[in-house]
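Chemist: Okay, here's the structure, questions in a sec.
The values are calculated or read from the model by the stated rules, or taken from the named source; none is laboratory data. Keep in mind that this is a model prediction, so the values were computed, not measured. Glycine gets a Cβ as well: all are built from the backbone with ideal geometry, and neighbour counts include every protein chain shown. In case anyone asks, the SASA skips ligands and DNA or RNA and just uses the protein heavy atoms, side chains included. Shrake-Rupley method; radii C 1.70, N 1.55, O 1.52, S 1.80 Å.
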Amino acid sequence: MVAKLITNMVETYQLFQYQSCPFCYRVRRFLEATGIDLEFKDTLLDVEASRELFEGGGKNSVPCLRIQRGCEVQWLYESLDIIEYLKSRFGV
Ligand SMILES: N[C@@H](CCC(=O)N[C@@H](CS)C(=O)NCC(=O)O)C(=O)O
């Protein structure tokens, strides 16, 4: 029952990434192909974004998807895991 409630909770997303990163490109291409619209945070151009990623997620590796689920925040690394996660959430 708890798991079901969490699954149905509204989530908001931010993708921490930068332009020239090939793994970020993989995720951006997936988003473009599926029409999923997320906020991007550029960790090369935006020092605050870089700090937020390191402090929140624990490392500076990109891409990283920040998932806000109510008061809970999850930091999801690995381009293929991000894509799989979004596929499951958006049913694409
Ligand atoms: N296996 C990872 C590779 C990610 C990766 O190597 N990202 C590079 C940028 S292209 C990076 O952030 N390197 C810095 C670091 O890992 O701290 C994925 O598929 O997302």
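Chemist: Report the net charge of residues surrounding E55, where surrounding means a beta-carbon distance below 15 angstrom and charges are Lys +1, Arg +1, Asp -1, Glu -1. Don't skip to the end; give the middle numbers.
Modeler: Working: positive: K41, R51, K59, R66; negative: D46, E48, E52.
Here the count lands on +1.
Chemist: What is the dipole size for the chain, taken about its Cα centre, with +1 at each Lys and Arg Cβ and -1 at each Asp and Glu Cβ, in debye to the nearest 20?
Modeler: Details: 11 positive and 13 negative charges, 55 e Å.
The calculation lands at about 260 debye.
Chemist: A follow-up question, please. Using only Cα atoms, tell me the angle between helix 79-90 and the longest principal axis of the chain; keep it within 0 to 90° and round to the nearest 10.
Modeler: Between the helix axis and the principal axis of the chain, the angle is about 40 degrees.
Chemist: Still on this structure: Return the long-range amide H neighbours of F40 (sequence gap of 5 or more, or a different chain), with a cut-off of under 5 Å between placed amide H atoms.
Modeler: L15
Chemist: Expressed as an acute angle from 0 to 90° and rounded to the nearest 10, what is the orientation of the C-alpha long axis of helix 22-34 relative to the principal long axis of the chain?
Modeler: 50 degrees
Chemist: Taking Cα pairs under 8 Å and at least six residues apart, what relative contact order does the chain come out at, in percent? Could the numbers behind the result be given before it?
Modeler: Working: 117 pairs, mean separation 30.2, N = 92.
Over the chain, the number comes to 33 percent.
Chemist: Ranked highest first by average number of other Cβ atoms within 10 Å, how do 59-68, 19-28 line up? Mind dumping the intermediate values first?
Modeler: Details: 59-68: 18.3, 19-28: 15.4.
So the order, starting with the most tightly packed, is 59-68, 19-28.
Chemist: Calculate what fraction, in whole %, of the accessible area of the chain sits on carbon and sulfur atoms when a 1.4 Å probe is rolled over the protein chains. Intermediate results must be reported in sequence, preceding the final value.
Modeler: Values: 3210 of 5850 Å².
After summing per-atom areas, the C and S share lands at 55 percent.
Chemist: Let me ask something additional. Could you work out how far helix 47-57 tilts from the main Cα principal axis of the chain, as a 0 to 90 degree angle to the nearest 10?
Modeler: Result, in degrees: 40.
Chemist: Lone cysteines in the chain, going by a 4.7 Å Cβ-Cβ cut-off?
Modeler: C64, C71
Chemist: Another question about this same structure. Summing -39500 (n - 2.57) over the DSSP H runs of n ≥ 4 in the chain and dividing by its residue number, what mean residue ellipticity at 222 nm do you reach, to the nearest 500 deg cm²/dmol? Mind showing how you got there, number by number?
Modeler: Values: 4 runs with 43 residues, N = 92.
Helix contribution divided over all residues of the chain: -14000 deg cm²/dmol.
Chemist: E39 to M9: extension gain in nm, 0.36 nm per residue of separation minus the Cα-Cα distance? Intermediate results must be reported in sequence, preceding the final value.
Modeler: Working: separation 30, 0.36 × 30 = 10.80 nm, distance 1.89 nm.
Fully extending the segment from E39 to M9 adds 8.9 nm.
Chemist: What whole-number value in Å² describes the accessible area per residue of the chain for a 1.4 Å probe? Could you put the intermediate results ahead of the total?
Modeler: Numbers: 5850 Å² over 92 residues.
So the chain comes to 64 Å² accessible per residue, rounded to a whole number.
Chemist: Output the direction-averaged projected area (hull surface divided by four) of the convex hull of the alpha-carbon atoms of the chain, in nm². Mind dumping the intermediate values first?
Modeler: Details: hull surface 23.9 nm².
It is 6.0 nm².
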